[in-house]
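Asker: Got a structure here, written out as structure tokens. Questions coming.
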Amino acid sequence: MENASRKHASVLVDEIVSFLGPGYAETVIDCTLGLGGHSEAILNAFPEIRVLGIDQDQAALKVADGRLSKFGSRFQSFHANFAEISRVVAEAAITDINAIIADLGVSSMQLDDPERGFSFRFDAPLDMRMDPDSGGQTAAELLETLDQDEIANLIYRYGEERKSRRVARLIVKCREKGQPVRTTAELAELVEKAVGRARKDKIHPATRTFQALRIAVNDELDILHTFIQDSVDLLQPEGTLSIITFHSLEDRIVKQAFQKLSGKCFCPPRIPRCMCGAENLVEILTRKPVLPTEAELSDNPRSRSAKLRVCRKIAY
């Protein structure tokens, strides 16, 4: 476990630091601390800054705490979900928040730990909880309790899997035979049977289904809206919110949330006044998402899906 931080490469680190810019001498909140890569870069780049790190994964927190202990009181960590940022800030009694960052990807440590059940590369219990101590439903339990239509809708909504109904049908059929899907290998084999696989396919056919279950188990998309609004409310004027996403559903939510917070109305044109809650609170600093450089893609292939969007709170 002590070598986990070496194996996991945080993405778009230089870009995150560059959007902080000169003059940051107060507080940055790293809402998805992970193994501490972004926080370490920020603490090194700005000697006067302090970082408050939040993560729901106790194992990751242990690694990050060890990695960042050299910064002493400039770093403080909290065990919480990033959606609980308001509670954590109140508990930490801080008000001078100049920047908030979030990296919504699954860490390499989580993917490479067979016991966590995130990856079909290992045969393991189908868990997928970011916080195994949360007491929440595992992916296997979810597949045992939802009906066929609910499973199909989940896989289609969160995984954009066109053959979601075929996948759901096979899952329920196994369940009815008294053989519920409980391991990553069982699910991967079932999805491959339902979806099919051509030799030219570079991505495993189970990828979208695994993504969908992970999102559902951790309620990732629904809490993202709340997180963005709370973060902007907590920022000092001129403070920045930076979010890294790894798939189109997340990126779409971040893009539209930033647009609405910058004053863009999403109401139908015939409505006489805005009803969608658009407010002119932020300036969008990234007209298009920032992508990894060719050098980063070469060094870290897992960064290929990463997109960074940044907004700055307007000072009135």
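Asker: Excluding the sites themselves, what is the longest stretch of the chain that contains no trypsin sites (Lys or Arg not before Pro) in a DSSP loop with at most 16 other C-beta atoms within 10 Å?
Answerer: 1-120
Asker: Express in nm, to one decimal, how much length is gained between S73 and N280 on full extension, taking 0.36 nm for each residue of separation and deducting their alpha carbon distance.
Answerer: 70.9 nm
Asker: Tell me the GluC sites (Glu not before Pro) within region 135-207 that lie in a loop according to DSSP and have at most 14 other beta-carbon atoms within 10 Å.
Answerer: E160
Asker: What nm distance separates the two modelled labels at L297 and E238, each placed 7 Å from Cα along Cα→Cβ?
Answerer: About 3.6 nm, to one decimal.
Asker: Using a Förster radius of 22 Å, what is the FRET efficiency between R121 and Q58 based on their Cβ-Cβ separation? Nearest 0.05, please. It would help to have the intermediate numbers written out before the result.
Answerer: Numbers: r = 23 Å, r/R0 = 1.05.
Efficiency at R0 = 22 Å is approximately 0.45.
Asker: By how many nm would the segment from R197 to A92 grow when fully extended, if each residue of separation counts as 0.36 nm and the alpha-carbon distance is taken off?
Answerer: Result: 32.8 nm gained on full extension.
Asker: Checking the table K163/K255; K62/K163; K177/K202; K173/K307 against a 29 Å threshold on Cα-Cα, which pairs fail?
Answerer: Long pairs (Cα-Cα over 29 Å): K62/K163; K177/K202; K173/K307.
Asker: To continue, here is another question. Mind giving me the nanometre distance, one decimal, between the label points for D147 and Q256, set 7 Å out from Cα along Cα→Cβ?
Answerer: Result for the modelled spin labels: 2.7 nm.
Asker: Now a separate question. Determine the distance separating the Cα centre of region 239-291 from the Cα centre of region 67-84; give it in Å without decimals.
Answerer: Comparing the Cα centres of region 239-291 and region 67-84, I get a distance of 29 Å.
Asker: Please give the calculated 222 nm ellipticity per residue for the chain, where each DSSP H segment of at least 4 residues contributes -39500 (n - 2.57) and the sum is spread over every residue; nearest 500 deg cm²/dmol? The partial results should precede the final answer.
Answerer: On the way: 14 runs with 136 residues, N = 316.
After summing the helix terms and dividing by the residues of the chain, the value is -12500 deg cm²/dmol.
Only the coordinates and a few stated rules stand behind these numbers; no lab work does. Note that the structure is a prediction, hence the values are computed from the model and not measured. Here the Cβ is made from the backbone with ideal geometry for all residues, glycine too, and neighbour counts use every protein chain on show.
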